[in-house]
1. For segment 214-237, how many residues are in a strand (DSSP E or B) and either touching a Lys or Arg at 6+ places or on another chain (Cβ under 9 Å) or farther than 20 Å from Phe180 by Cβ (or both)?
2. Assess whether Thr155 counts as being closer than 15 Å to Val137 by Cα, open to solvent by less than 20 Å² (accessible area, probe 1.4 Å) and in contact with a Lys or Arg (Cβ under 9 Å, 6 or more places away or on another chain).
3. Considering Lys214, Lys220, which residue is without any contact (Cβ under 8 Å) to a residue 40 or more places away in the chain and of a type outside the set (Ser, Thr, Tyr)?
4. So, in segment 177-196, of the ones that are touching a strand residue (DSSP E or B) at 6+ places or on another chain (Cβ under 9 Å) and part of a loop (DSSP other than H, G, I, E, B), which residue ends up nearest to His248 (Cα to Cα)?
5. For segment 114-145, which positions are part of a strand (DSSP E or B) and either in contact with a Leu (Cβ under 8 Å, 6 or more places away or on another chain) or crowded, with 19+ Cβ neighbours inside 10 Å (or both)?
6. Return yes or no: is Leu52 touching a Phe, Trp or Tyr at 6+ places or on another chain (Cβ under 6 Å), at pLDDT 75 or above and either over 27 Å from Val149 (Cβ atoms) or not aromatic (Phe, Trp, Tyr) (or both)?
7. Testing Ile284 on (1) surrounded by fewer than 10 Cβ atoms within 10 Å (Cβ to Cβ); (2) modelled with pLDDT of 90 or more, one condition comes back false. Which one is that?
8. Applying the selection to segment 161-197, what residues are touching a Leu at 6+ places or on another chain (Cβ under 7 Å) and either open to solvent by 90 Å² or more (accessible area, probe 1.4 Å) or hydroxyl-bearing (Ser, Thr, Tyr) (or both)?
Amino acid sequence: MTLKDLAPYYGLIEEKLTTWLEISIKHLPNFVVALFIVLFFSLLSRVLSKTLRSVLHKALESRQIADLLASIFKIIVMTVGIFVALDFIGLSGTVKSLLAGAGIVGLAIGFAFQDMTENLIAGIAMGIRKPFQIGDVIKADDVFGTVKVINLRNTLVENFYGQLDIVPNKVLFRNTLTNFNSTGERRVEVPVGISYADDIEKAADVLVEAINKKDFVKNKDETAVYAESFGDSSINLLVWAWIDYPGHVGFMQARHELVVVINKTLSDNDILIPFPIRTLDFGIKGGEKLNTMLTKNEPKSGSANTN
């Protein structure tokens, strides 16, 4: 193939390039303006995200959550600027295609990383709502301990056995969560039984008086003793007392001292804490008396083997 044979093709290429050059020159001002739009939104996103980050650092407990929200906000502002610039130069179709593609990609990522996304969203929501803070004692599902670290996807809780539990944030977000530090106080409940022969009212009065002498007991007018039920060998009581939580006396130490006080007070007032007792009633309807049973089991005279 000679150069003369390629001449028509060169003409088509030259014509196409000329057309593109003319279009580029014609839209050059729009390109310049679009570039300024991108630069403006880039600068705007930096300023706004920096301002938002400083505000969130003061409002939120977790700096990671604050930084993440500020970064997401920066990306959103920058994306809006790019879409505005593309639309300004007449690429509205491209904008729609990008939006559709972003939606599909986001949906696919959401399904692929469902647990991670759920933990992340739960961490952000808890960072805003603040149901607990570092140092709080919380209980949710099988989690019970002191909060040590709050991350975006998980929370580190030190249980009362000394181990560190890494808890996904969705567990704390989905389940009923009890924060023992929210009210600053906690009720200690000690069960105890007294004999049926003792006076319940007397036992309640002496126990309340003795317990209220303890310095760590607060809300002394709410210290109470309640008769709970009739047990097999005792009348079961519930002793309630309130303490500061967290306070200078821990929950376990407070309960220990209350058990000691209850035991000593009942002993000093001759109120019996009975051992488990079982009574065998052989005279009940349908049964046999004990002497009758013993008589039946006695060996008959002369029945012994004489061999």
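1. Taking segment 214-237 and keeping what is in a strand (DSSP E or B), we get 217-218, 224-230, 235-237.
Applying the additional criterion that residues be either touching a Lys or Arg at 6+ places or on another chain (Cβ under 9 Å) or farther than 20 Å from Phe180 by Cβ (or both) yields 224-230, 235-237.
The number of residues fulfilling the criteria is 10.
2. Details: closer than 15 Å to Val137 by Cα: yes; open to solvent by less than 20 Å² (accessible area, probe 1.4 Å): yes; in contact with a Lys or Arg (Cβ under 9 Å, 6 or more places away or on another chain): yes.
The answer is yes for Thr155.
3. Lys220 is the lone residue from the list that is without any contact (Cβ under 8 Å) to a residue 40 or more places away in the chain and of a type outside the set (Ser, Thr, Tyr).
4. First, pick out the residues of segment 177-196 that are touching a strand residue (DSSP E or B) at 6+ places or on another chain (Cβ under 9 Å): 177-181, 184-196.
Among the residues that remain, those that are also part of a loop (DSSP other than H, G, I, E, B) are: 180-181, 184, 195-196.
Values: Phe180: 15, Asn181: 14, Gly184: 12, Ser195: 35, Tyr196: 38 Å.
Among them, the one singled out is Gly184.
5. Start the filter on segment 114-145 by keeping residues that are part of a strand (DSSP E or B), which leaves 137-140, 143-145.
Residues satisfying the conditions are Val137, Ile138, Lys139, Ala140, Val143, Gly145.
6. Values: touching a Phe, Trp or Tyr at 6+ places or on another chain (Cβ under 6 Å): yes; at pLDDT 75 or above: yes; either over 27 Å from Val149 (Cβ atoms) or not aromatic (Phe, Trp, Tyr) (or both): yes.
Judged against the criteria, Leu52 is a match.
7. (2)
8. Leu164, Ile166, Pro191, Ser195
The values are calculated or read from the model by the stated rules, or taken from the named source; none is laboratory data. Since we're looking at a predicted model, the values are computed, not measured. Glycine also receives a Cβ, built like all others from the backbone with ideal geometry; neighbour counts cover every protein chain displayed. Accessible surface areas use protein heavy atoms only, side chains included; no ligands, DNA or RNA. Shrake-Rupley method; radii C 1.70, N 1.55, O 1.52, S 1.80 Å.
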